[in-house]
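Novice: Before I ask anything, let me first share the structure, which is written out below as structure tokens.
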Amino acid sequence: MSTEQRVIPSAARRNHWMNQVAGHASMKPDATAFRFVGQSWTWGQVDSHMDAFAAALQRRGVAAGDRVLLLTLNRPEVVEAIFGINRIGAMAVPINFRLTPPEIAYIVDDADASVIVVEGPLAPLVGAVAQITDRIKTVIVIGEAGEGQESYDELIAEDASDFEAPDVPEDTPALIVYTSGTTGRPKGALLDHINMFSQSITCIRANDVTDESDIAFLTAPLFHIAGMGSIAPNFILGIPTVIHPLGAFNPTELLDAWEREGATIVFNVPQQWQVICADPSIPSRDLKIRIASWGAAPASETLLRTMADTFPAATIVAVFGQTELSPITCVLKGEDSHRKIGSVGRPIPTIQYRVVNEDGDDVAPGEVGEILYRGPTLMQGYWRKPVETAEAFAGGWFHSGDLVRQDDEGFVWVVDRKKDMIISGGENVYCAEVENVLFAHPAILDVAIYGRADERWGEIPVAAVVARPGEEVDLAQLQEWLGDKLARYKHPKALVVVEAIARNAGGKVDKVRLRAADRQPTTV
């Protein structure tokens, strides 16, 4: 009798979101995968669109390992496009639509990508970028396509019956998410399918998801790791995701959508929670919120107490991390959110971590040190930046740049950011990038950017400026100068004119002294 072993194709056993979607399409094709402004997408439709888009890209020369850019707002087609890109082993590169054309052009060139998926209202940005770089050859528009462009709807309507999806191993890069560094040049964090699956497990555990009755709600932008990172577990669980349109934040519209859709799991940055909690209609609403999550920027203790009072039936969950970690590294929830208010929680059990001093030695509880990480959510490295990758992984651990202290129970408090990053309204502002542009201002002799705590935005960037002899500098002048050079959220919101910038013996700016001397003048 034959003892021949049956071989199961590796592609059938892969654990990534393409196979997760295909599984739900097979088992429950008519169940809702996404909802957007009252319209539903089923798992069967999403699976079909994923393969059709993958086939269309393949016919246009996109292959495994290639990069495809996305310049979009939030809608289900964006997620479908990411699935389709990954289906053929290519990498999706989401771009922050708030960036200026020169900033976008740098990412286009660095990613070495010739295909871009753009949402209709943002198509003029691609035209502006094309004046700077000629690398983009194919423009696929979600919406009405113009001359020389292709329509996403027409691509997914093409015959894909002969498409055969290649085997995509779990360690294949899925996303390149750009995050600026202290040098001012963006770095692309290379995130693979293992990263995103591990991130999903973290979210499932943090949100106590045990069945398919939850309805997840997406407010975070899909160009941010908080977007795809927060909905990745929904592809494993097969629960519906309601995608909220991006635009001017309107708390009443958001609350209307929560109530209409029966949302149970929601995430917002502190600035959004602040205006949500101030809405007087909340007590009269029929809300089903079970998990009220926050992150991406610091939250004041006053706001956290207000959230708990406003949503007494919900569990308040804080999540902390960074793009390079897919992104969550610490979680604070339940009773601990009151008992340890101000903490970002304990490190998640799926990672290893250390808190070390400048010599790389572990510090005792209560002492400040940099938190280092290892584990399955950690990126593969920075795209085409071997030197920066080697620096970040010195000693075999990822150096986060976050200075923290830990108490005897393992709860973490963030003290400062070693890389001088400012988080304003959920967006990262990197001091060196803004300083580099301001140094070119003809009236500025010296400048340093630092963060100031702000009740509304979490933090705001402040410019400390030394004016050239005989020159005067005001805030409006600086913001006009920055104009189209940097996204508006990176512009300083306050100005301090000083005689000299505080520096240490090595000539580096002493931002501790700058913050200590901050006089908090008028802001705009």
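Novice: Normalised by the residues of segment 421-516, what does the relative contact order come to in percent, with Cα pairs under 8 Å and at least six apart?
Specialist: Numbers: 165 pairs, mean separation 26.5, N = 96.
Computed over segment 421-516, the figure is 28 percent.
Novice: While we're looking at this one, here's another question. Just tell me which lysines come within less than 18 Å, Cα to Cα, of K385; anything on the same chain fewer than 8 places away is out.
Specialist: Answer for K385, where 18 Å is the Cα cut-off: K187, K419, listed by chain and number.
Novice: While we're here: Quick one: order S424, S284, S326, S48 by neighbouring beta-carbon count within 10 Å, fewest to most. Could you put the intermediate results ahead of the total?
Specialist: On the way: S424 23, S284 6, S326 31, S48 16.
Ascending number of Cβ neighbours within 10 Å: S284, S48, S424, S326.
Novice: Which lysines, on any chain, are close to K28 with Cα under 27 Å apart, when same-chain ones fewer than 8 places away are left out?
Specialist: Counting by Cα, and skipping residues close in sequence, K28 has these lysines nearby: K288.
Novice: Pairs of alpha-carbon atoms within less than 8 angstrom and 6+ residues apart define the contacts here; what relative contact order does segment 317-401 have, in percent?
Specialist: Details: 121 pairs, mean separation 18.9, N = 85.
Computed over segment 317-401, the figure is 22 percent.
Novice: Right, something else. Treat each spin label as a single point 7 Å out from the Cα along the C-beta direction, and report the K418 to R285 distance in nm.
Specialist: 4.1 nm
Novice: Roughly how many nanometres apart are two label points built 7 Å out from the Cα toward the Cβ at E170 and N15?
Specialist: Taking the simple label geometry, E170 and N15 are separated by 0.4 nm.
Novice: Output the 0 to 90 degree angle, nearest 10, between the alpha-carbon long axis of helix 101-111 and the longest principal axis computed from the alpha carbons of the chain.
Specialist: On a 0 to 90 degree scale, this one is about 60.
Novice: Calculate how steeply helix 301-310 sits against the longest principal axis of the alpha-carbon atoms of the chain, using the helix alpha-carbon long axis, and give the answer as 0 to 90 degrees to the nearest 10.
Specialist: Taking Cα atoms only, the helix is inclined about 40 degrees.
Novice: Please report, in whole Å, how far the alpha carbons of segment 90-233 spread along each principal axis, starting with the longest.
Specialist: 50, 48, 30
Novice: With θ set to phi - 60°, apply the Karplus curve 6.51 cos²θ - 1.76 cosθ + 1.60 along segment 245-262 and write out the HN-Hα couplings as whole Hz, x wherever there is a Gly or Pro.
Specialist: Rounded to whole hertz, the list is x, 7, x, 4, 5, 10, x, 5, 4, 5, 5, 4, 5, 4, 5, 5, 8, x.
Novice: Right, something else. Can you tell me how segment 421-516 classifies by the Cα gyration tensor, rounded, prolate or oblate, using a/c under 1.5 as the rounded cut? Walk me through the numbers before you get to the answer.
Specialist: Details: a/c = 1.71, a/b = 1.15, b/c = 1.48.
Oblate shape, in that a/c is at least 1.5 and b/c is the bigger or equal ratio.
Novice: Before anything else, pin down the relative contact order of the chain: Cα pairs under 8 Å, at least 6 apart, normalised by residue count, whole percent.
Specialist: Working: 1063 pairs, mean separation 57.7, N = 524.
Relative contact order, the chain: 11 percent.
Novice: Could you list F311, F83 in order of exposure, starting from the residue whose Cβ has the fewest other Cβ atoms within 10 Å? It would help to have the intermediate numbers written out before the result.
Specialist: On the way: F311 20, F83 25.
Fewest-to-most ranking of F311, F83: F311, F83.
Novice: Take the cross-link list K340/K511; K418/K490; K490/K511 and give me the ones stretching past 22 Å between alpha-carbons.
Specialist: Details: K340/K511 28 Å; K418/K490 19 Å; K490/K511 18 Å.
Among K340/K511; K418/K490; K490/K511, the Cα-Cα distance tops 22 Å for K340/K511.
Novice: Here is a follow-up. Starting from the Cα of R374, step 7 Å toward the Cβ, then list every residue of segment 316-356 with an amide N under 14 Å from that point.
Specialist: Only 351-355 pass the distance filter.
Novice: If you look at just the Cα atoms of the chain, how large are its Rg and its Dmax in Å?
Specialist: 23.5, 97
Novice: What chymotrypsin sites (Phe, Trp or Tyr not before Pro) does segment 397-492 have in DSSP loop regions with at most 11 other beta carbons within 10 Å?
Specialist: Working: sites: W397, F398, F411, W413, Y430, F439, Y450, W457, W481, Y489; in loops: W397, F411, F439, W457.
Answer by residue number: F439.
Novice: Calculate one ³J(HN,Hα) per residue across segment 326-334 by plugging θ = phi - 60° into the Karplus curve 6.51 cos²θ - 1.76 cosθ + 1.60, and present them in order as whole Hz with x for glycine and proline.
Specialist: 6, x, 6, 10, 9, 9, 10, 8, x
Novice: Can you tell me the orientation of helix 43-59 relative to the chain, as the angle in degrees between its alpha-carbon axis and the longest Cα principal axis, to the nearest 10?
Specialist: The two axes meet at around 80 degrees.
Computed from the coordinates by the stated procedures, all read-outs in this text should not be read as laboratory data. Since this is a predicted model, take the numbers as computed values, not measurements. Cβ: placed from backbone, ideal geometry, glycine included. Neighbour counts: every protein chain shown.
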